[in-house]
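A.B. asks: Here you go, one structure.
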Amino acid sequence: MEISHIEHIGIAVPNLAEAIKYYENVLGLKCYKTEVVEDQKVTTAFFKVGDTKIELLEATSPDSTIAKFIEKNGGKGGMHHMAFAVESGVSEALAECEEKGIRLIDKAPRKGADGLQIAFLHPKCTEAVLTELCEDPSKK
């Protein structure tokens, strides 16, 4: 598997509007896109820092993964996942990870935010960091 760059850092937030204000007014970044990802039960907001994105994630349902993460974190947000862009494609990267004994959350790529194909690796096998593999189909 060839990783080309950190695609984004996912940060869970309890209040997206408040978090956007911080990133824009304090850090001087500009939110370039918000998007509801219904199957993941989140609303996302994206910022660019150089070639890397920051993805803020707010739960749209109390039974979403993000809502559960925030609840476990005492009602506060925090770093949720690290996402890497893979050159060979997500399917190939998943197969390689599985061959190496890594537990997969996703057995096949699925549609993620910002037009990406994504899949997650289980943090119990990735040094306790939820890891997302991404590819941008528009760049193929």
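The values are calculated or read from the model by the stated rules, or taken from the named source; none is laboratory data. Given the structure is predicted, the values throughout are model-derived calculations rather than measurements. We work out accessible area using only protein heavy atoms, side chains counted, and drop any ligands, DNA or RNA first. Shrake-Rupley method; radii C 1.70, N 1.55, O 1.52, S 1.80 Å.
A.B. asks: Would you calculate the convex hull of the Cα atoms in the chain and tell me its volume per residue in Å³?
C.D. replies: Hull volume over Cα atoms, normalised by residue count, gives 110 Å³.
A.B. asks: Hey, which of these cross-link pairs are over 21 Å Cα-Cα: K68/K124; K30/K72; K48/K124; K53/K111; K48/K68?
C.D. replies: The answer is K30/K72; K48/K124; K48/K68.
A.B. asks: If you average the sequence gap of Cα pairs under 8 Å that are 6 or more apart and divide by the length of the range 8-136, what percent do you get for the contact order?
C.D. replies: Taking the mean separation of contacting Cα pairs over the length of the range 8-136, I get 23 percent.
A.B. asks: Report, to the nearest 10°, how far helix 90-99 tilts away from the longest principal axis of the Cα atoms in the chain, using its own Cα long axis and a range of 0 to 90°.
C.D. replies: Rounded to the nearest ten degrees, it is 60.
A.B. asks: Would you rank L27, L116 by solvent-accessible area, highest first, keeping every protein chain in place and using a 1.4 Å probe?
C.D. replies: L27, L116
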